[in-house]
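Asks: Take this structure first; my questions come after.
FYI, it's all coordinate maths here, none of it is from the lab. As the structure is a computational prediction, the values presented were derived from the model and not from experiment. All Cβ positions, even for glycine, are placed from backbone atoms using ideal geometry, and neighbour counts span all protein chains on display.
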There are 2 protein chains.
Amino acid sequence: MTGTLFGIGVGPGDPELITLKAHRILQTVPVIAWPAPLEGESMARTIASPHITQTPIEIAIRMPLEPTQFPDRSVYDIAADEIGKHLEAGRDVAALCEGDPFFYGSFMYLFGRVAPEYNVVIVPGISSLMAAAAALKSPLASRNDLLTVVPAPLDEETLTEAIQRAESVAIIKVGRHLGKVRRVLDTLSLTNNAQFVAHATMELQSVSPLSEINEDRAPYFSLILVHKRGEAWR
Amino acid sequence: MTGTLFGIGVGPGDPELITLKAHRILQTVPVIAWPAPLEGESMARTIASPHITQTPIEIAIRMPLEPTQFPDRSVYDIAADEIGKHLEAGRDVAALCEGDPFFYGSFMYLFGRVAPEYNVVIVPGISSLMAAAAALKSPLASRNDLLTVVPAPLDEETLTEAIQRAESVAIIKVGRHLGKVRRVLDTLSLTNNAQFVAHATMELQSVSPLSEINEDRAPYFSLILVHKRGEAWR
């Protein structure tokens, strides 16, 4: 019997925002794999730590946090190979993913390499999108709103068009694109409808109107929520 | 000391896809409120059942599942009033929400009425969006995809425009709009990129290519995921 690869969403940061299913799997799985920046800690591993009570074999998958346009993905070939050996030997493997595995996660690169040959089960997680709305105490979308998720690295024209067309917009991967995003929102007269959230549900959580943020850079894991109707959902 | 209203995301259906935080609160809260159709069971209450081990006071909030354009929202006034009395008396209240409380949920109507006067805490949940992607074993969005969530009740022209502009589209609230949605996707030559998911993570879960679905009606809680690049995320 070969093992199963579990793609585990560990949620946005608060270790209590992990599912019972993820918790159960993490407590027993003999091998875990996690993404990490080139140097330093893995956020996914840190979030999962309170739930890992055995001593599993650990596989680090290190990539730059803000990858260049053409990153070297051979690191995923190597990791998939190592994971494959454990699965062949009948050992289950849990791949930890910040937020949700299939919501803009790097897990898809592992999935694409492992799923054609082995059993893969996805355990969905709370994404930063829902965590940010909860932190802001403001609905993400309601009724028949069009909700668009817009990655901030897109060019100014694409950002402008996408933001114009939806009632509700979540701008993700803000990082070094904060200045550009602010310009776009200013031009569209939407700055006063925009809220900034960094590190949602973590100790470092910060929440504020975009108009009060003066920097041109933000943490990579920050996002901006824009709702055109303001509080009309009441 | 007045009580706190917790808006609890109970997740998409599988009771194990609830967070540890929601689980902890549900086990101790003295009052729970839940939405339900005019007749019959509450999906949120059913999902939460295994986690409610005490005998709380229960408040049913009954509304038609597919509301008309101008529904009578006085039911939320009455529920908010009843919840307010418990909060005044120092009793915490958990309002159960299918999926995530702030992702197109009816919880916002309660929130709008209770939050101005009382402490409200949102516990995010796994939305049907992430559950559907997990069930399909297909990433929702990746890299710099524009992801748009499109409620199926919108008119054909709005649907067409919204679907045209995004790489990745989730069409929610399909219900009796399935025929219209199929027409729009056919016209855009996207039927072969569309997957249909009903009752994700539940026993009744059904997953299939849209091209194999012949009905013109689907469950209200079903959705269609469209990815223009197919499997290019590999």
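Asks: If packing is taken as the mean number of other Cβ atoms within 10 Å per residue, what is the order of A:132-144, B:76-88, highest first? Display every interim value, and only then the final one.
Replies: Details: A:132-144: 22.6, B:76-88: 17.4.
In decreasing order of mean packing, A:132-144, B:76-88 become A:132-144, B:76-88.
Asks: Let me ask you something else. Averaged over every viewing direction, what's the projected area of the C-alpha convex hull for region A:4-123? Give it in nm², one decimal, please.
Replies: The orientation-averaged projected area of the Cα hull of region A:4-123 comes to 6.9 nm².
Asks: Just the C-alpha atoms of chain B: what Rg/Rh do they give, with Rh taken as the Kirkwood radius?
Replies: On the way: Rg = 18.9 Å, Rh = 18.8 Å.
Reported Rg/Rh, Kirkwood definition of Rh: 1.01.
Asks: While we're here: Provide a whole-number value for the mean count of partner chain Cβ atoms within 10 Å of the Cβ atoms in peptide A:2-14.
Replies: 1
Asks: Can I ask one more? Subtracting the Cα-Cα distance from 0.36 nm times the residue separation, let me have the gained length for A:T160 to A:D81 in nm, one decimal.
Replies: Here the segment from A:T160 to A:D81 would lengthen by 24.3 nm.
Asks: For region B:128-227, what class follows from the C-alpha gyration tensor (a ≥ b ≥ c being the square roots of its eigenvalues): rounded when a/c is under 1.5, otherwise prolate if a/b is larger than b/c, else oblate? Kindly include the intermediate steps, with their values, before the conclusion.
Replies: Working: a/c = 1.59, a/b = 1.09, b/c = 1.47.
Oblate shape, in that a/c is at least 1.5 and b/c is the bigger or equal ratio.
Asks: Could you compute the FRET efficiency for A:N214 and A:K137, with r as their C-beta to C-beta distance and R0 at 22 Å, rounded to 0.05?
Replies: Plugging the Cβ-Cβ distance into 1/(1 + (r/R0)^6) gives 0.40.
Asks: Could you tell me which helices of chain B pass both thresholds, a Cα extent of 15 Å or more along their own axis and a mean Kyte-Doolittle hydropathy of at least -0.5, with helices taken as whole DSSP H runs?
Replies: Qualifying helices, which must be both long enough and hydrophobic enough, are B:74-88.
Asks: Give me the extension gain from A:N119 to A:T28: residue separation times 0.36 nm, minus the current Cα-Cα distance, reported in nm with one decimal.
Replies: Full-extension gain reported as 31.0 nm.
Asks: Per DSSP helix of 4 or more residues, -39500 (n - 2.57); summed, then divided by the residues of chain A. What does that give at 222 nm, rounded to the nearest 500?
Replies: -8500 deg cm²/dmol
Asks: Going down the table (B:K21/B:K173; B:K180/B:K228; A:K180/A:K228; A:K21/A:K137; A:K180/B:K21; A:K137/B:K180), which pairs top 30 Å between alpha carbons?
Replies: Pairs exceeding 30 Å: A:K180/B:K21; A:K137/B:K180.
Asks: Mind giving me the FRET efficiency for B:E16 and A:K228? R0 is 25 Å, r the Cβ-Cβ distance, nearest 0.05 is fine.
Replies: 0.10
Asks: Okay, moving on. Just counting partner chain Cβ atoms within 10 Å, what average do the residues of peptide B:203-213 show around their Cβ?
Replies: Partner-chain Cβ atoms within 10 Å, mean over residues of B:203-213: 0.
Asks: Based on alpha-carbon centroids, what's the gap between region B:144-202 and region A:112-140 in Å, whole number please?
Replies: 20
Asks: Can you tell me the order of A:182-195, B:102-115 when each peptide is scored by its average per-residue count of other Cβ atoms within 10 angstrom, highest first?
Replies: B:102-115, A:182-195
Asks: Write down the percent of antiparallel bridges among all DSSP beta bridges whose residues are both part of the protein assembly as shown, to the nearest 5.
Replies: Bridges in the protein assembly as shown are about 40 percent antiparallel.
Asks: Looking only at region B:84-104, which residues have a backbone nitrogen under 13 Å from a spot 7 Å from the Cα of B:I57 in the C-beta direction?
Replies: Within reach of a label on B:I57: B:84-94.
Asks: To continue, here is another question. Peptides B:121-130, A:11-20: what's the order by average Cβ count within 10 Å, highest mean first?
Replies: B:121-130, A:11-20
Asks: Separate question: Provide the FRET efficiency to the nearest 0.05 for the B:V207-B:M1 pair, computing r from the beta carbons and using R0 = 35 Å.
Replies: 0.15
Asks: For peptide A:21-30, what's the mean number of Cβ atoms from other chains within 10 Å of each residue's Cβ?
Replies: Rounded to a whole number, the mean comes out at 2.
Asks: Does region A:65-171 come out rounded, prolate or oblate, given a ≥ b ≥ c as the square roots of the eigenvalues of its C-alpha gyration tensor, rounded meaning a/c under 1.5 and, failing that, prolate meaning a/b above b/c?
Replies: prolate
Asks: Mind running the shape call on the protein assembly as shown? Use the C-alpha gyration tensor, a ≥ b ≥ c as the square roots of the eigenvalues: rounded below 1.5 for a/c, prolate if a/b tops b/c, oblate otherwise.
Replies: Rounded shape, in that the Cα axes give a/c under 1.5.
Asks: So which GluC sites (Glu not before Pro) in region A:184-215 pass both tests, a DSSP loop state and at most 11 other Cβ atoms within 10 Å of the Cβ?
Replies: A:E203, A:E215
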